[in-house]
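Here's the structure, in structure tokens; my notes come after.
The values are calculated or read from the model by the stated rules, or taken from the named source; none is laboratory data. Note that this is a predicted model, so its numbers are computed, not measured. Cβ placement follows ideal geometry from the backbone for every residue including glycine, while neighbour counts extend to all protein chains displayed. Heads up: the accessible areas ignore ligands, DNA and RNA and are worked out on the full protein's heavy atoms, side chains in. Shrake-Rupley method; radii C 1.70, N 1.55, O 1.52, S 1.80 Å.
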Amino acid sequence: MSTQKKRNFKIEAFKHRVELDPKYAEKTWKILEHAIQEIYNHNASGLSFEELYRNAYNMVLHKYGEKLYSGLVTTMTSHLKNISREVELAQGGFFLEELNRKWEDHRKALQMIRDILMYMDRTFVPSAQKTPVNDLGLNLWRDNIVRSPKIQARLKNTLLELVERERTGEVINRGLMRNVIQMLKELGPNVYQEDFEKPFLDVSADFYRVESQKFIECCDCGEYMKKAERRLNEETERVSHYSAEASGGKIENVVEREMIANHMQRLVQMENSGLVNMLVDDKYYDLSRMYSLFNRVPGGLSAIKDVMTSHLRETGKQLVTDPEKSKDPVEFVQRLLDQKDKYDKIISLAFSNDKTFQNALNGSFEYFINLNPRSPEFISLFVDDKLRKGLKEVSEEDVEVVLDKVMMLFRYLQEKDVFEKYYKQHLAKRLLSGKSASDEAERSLIVKLKTECGYQFTSKLEGMFTDMRTSQDTMQGFYASQSSEMSEGQPSLVVQVLTTGSWPTQASTTCNLPPEIHGVCERFKAYYLGTHSGRRLSWQTSMGSADLKAVFGKGQKHELNVSTYQMCILMLFNLSDQMSYKEIEQATAIPAPDLKRCLQSLACVKGKNVLRKEPMSKDIMEDDDFFFNDRFTSKFFKVKIGTVAAQKESEPEKQETRQRVEEDRKPQIEAAIVRIMKSRRVLDHNNIVTEVTKQLQSRFLPNPVVIKKRIESLIEREFLERDKVDRKMYRYLA
């Protein structure tokens, strides 16, 4: 099979010169000029665009591109000047319509002209660095129409007038506005900005400056916010309809500045309707609107936060420092929880759970809760109230919710160790009296405290529960060993053996127990010490309780649930129907304050008065006489007689608790100092104070004076020494 040789073809120019008619260019241009005029006159249907394209092509090909381009500029300019005069003659509302109609005609004509001169646009225009045909048409329209002296200002004023009319409630032709603004945008960003956007923004600023002033004089804060929000939405919608999205953010900034930023302080502090009133009256929608609007301007949220914080701190300060509101600890803490719930709801519903506001809320609560030195005690009393048996209509789930809220308040306390002291006392009373709502609830709170403060904080509390379990086993062993010696009619004894270090320290005040009880106690003591070597028992009679069987007049029988002290008093009346205060005090050896409270509960409480006293009064005096009340009646067989006691500590008890807390803090401060100096070796006084405060602030805020005293103590015991040159510098001694 043979292959043919490939040939390369080459197109060569004419060997002879082509002679053109000297008037070729002029004749051809006349044809094209006539065609352009016919296009502008809407007579393009009779034109042959193929022939016109060929003519323009040949002119460029034969180096007449310059003549073609300059002729186009002259023809278009002449035509646009005529259009300008026609637009100028349009009156009133027809002005924009005429301008828009001429603009649409010009765009269509420009498209046809561009098609005819496409070859020139592609070849001559780039090489000669001329403006493309389409851009040329837009520029000539700009210079001869939009920027003409008699149209430019009129166009601007007409557009701004329509905007203002729409703002005042009139209905305008938005489609026409959109077309004209779109025209300005197509003529270039500078045209749009200079001929519409800038004056639009300036006029808008003036409009809203006047309107906002008028509104703020006649409206309350909530109503003003609604109007501002509506205006913002209107402007956003307006620029969207006008196809002026580029100005959307700018006009919003104008409205925000004039209606919100310039009036922020006056709005939030407006009398009878400002932020404080909204907070007090729980106006969630108004607060949400204010948050949304103020969030749009610099410093807006700070203005809300500052006023809210100031109001919250002031109301919180009044709440915790008012002596009347501090009389009932449970009510005191409940008010705090209600206040916290109120502001949590506001921040959630109105402030979008903003962390800034949550931090401000936490800071405010921490500030005013610690203004009352008894807050730790009151919170512990509140917990005690919720965890006691006998609460009506409170489920374990409800108690759990309350405990979570209490832990929230606990976190705000600076003296957590003071809370621990009181909580330990109240827990001890609940456990020993058997009045705890449930072990689950008690353990749940201890777990929460351990999570918050660590094992050391709750180790003794857990030890208390361990003692209660161990005591049950001990009592079973005791009665098993005494089964042969126990006779019917003897009093039964239940003892809780408490480890000294785990339970609150109590002054060991013993009383004279009735002989029947004393004998059983001695047998238990002998049993316990016999089974546990090296231990010592001391009776805490002030913490016990007893069930007594009593027979009153007409043989009426009741079972009385009383404290150990009350039992000792009542047992005396087995031997005598009448006794004086002095005789009871001498026989029982109960401390006077406790004795008076016990007698008050036995003789002065209606429905529980198993004794009566003479003379009758609410207070117990040392010259009072007491009688067995054989007329006592009750519809219940079991009668519980509580001890009249103030829920809060007395002043001496408060001083004693505070003193114990201060003593407990000393070794903790010293341990922190030693830990710091062991790692740093050398440190100045101010840095030691800072470091110690940082380490201990989770439990309490140590006093710098106390820290200084503990440093002196450590120097005396040769844990530290002062620098010989700089006396404020300390060195650790290994």
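Quick look at the numbers
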| quantity | calculated |
| --- | --- |
| Filter pass, Glu51 being under 24 Å from Trp141 (Cβ atoms) and among the charged types (D, E, K, R) | no |
| For Lys130: the one exception among (1) at pLDDT below 90; (2) assigned to a loop (DSSP other than H, G, I, E, B) | (1) |
| Among the candidates Gln213, Gln182, Gln129, Gln193, residue that is open to solvent by 30 Å² or more (accessible area, probe 1.4 Å) and either touching a helix residue (DSSP H, G or I) at 6+ places or on another chain (Cβ under 8 Å) or in contact (Cβ under 8 Å) with a residue 60 or more places away in the chain (or both) | Gln182 |
| Test for Met120: is it open to solvent by less than 30 Å² (accessible area, probe 1.4 Å), farther than 17 Å from Lys185 by Cα, out of contact with any Lys or Arg (no Cβ under 8 Å at 6 or more places or on another chain) and in a helix (DSSP H, G or I) | yes |
| Exclusive hit being assigned to a loop (DSSP other than H, G, I, E, B) and either modelled with pLDDT of 80 or more or among the charged types (D, E, K, R) (or both), set Glu488, Glu522, Glu516 | Glu488 |
| Criterion violated by Leu611 - all others in (1) open to solvent by less than 50 Å² (accessible area, probe 1.4 Å); (2) more than 24 Å from Gly544 (Cβ to Cβ); (3) modelled with pLDDT of 85 or more satisfied | (2) |
| Leading residue by the ranking (least open to solvent (accessible area, probe 1.4 Å)) among those in the range 631-645 that are in a loop (DSSP other than H, G, I, E, B), among the β-branched types (Val, Ile, Thr) and at pLDDT 80 or above | Ile641 |
| Answer residue from the range 47-69, given it is closer than 18 Å to Met112 by Cα and of a type in the set (Gly, Ala, Ser) and is surrounded by the fewest Cβ atoms within 10 Å (Cβ to Cβ) among those | Ser48 |
| Scope the range 348-386; condition among the small types (Gly, Ala, Ser), surrounded by fewer than 17 Cβ atoms within 10 Å (Cβ to Cβ) and more than 9 Å from the chain's Cα centre (by Cα); matching residues | Gly363 |
| Hits in the range 421-434 - residues which are open to solvent by 30 Å² or more (accessible area, probe 1.4 Å) and in a helix (DSSP H, G or I) | Lys421, Gln425, Lys429, Ser433 |
| Members of the range 38-76 found to be closer than 18 Å to Pro132 by Cβ and not in a helix (DSSP H, G or I), listed by number | none |
| Single match in Val447, Val418 (criterion: assigned to a helix (DSSP H, G or I) and open to solvent by less than 30 Å² (accessible area, probe 1.4 Å)) | Val418 |
| Residues (in contact with a helix residue (DSSP H, G or I) (Cβ under 8 Å, 6 or more places away or on another chain) and of a type in the set (Gly, Ala, Ser)) located in the range 331-387 | Ala350, Ser352, Ala360, Gly363, Ser364, Ser375, Ser380 |
| Selection within the range 549-579 - free of Cβ contacts under 8 Å to residues at least 60 places away in the same chain, among the β-branched types (Val, Ile, Thr) and in a strand (DSSP E or B) | Val551 |
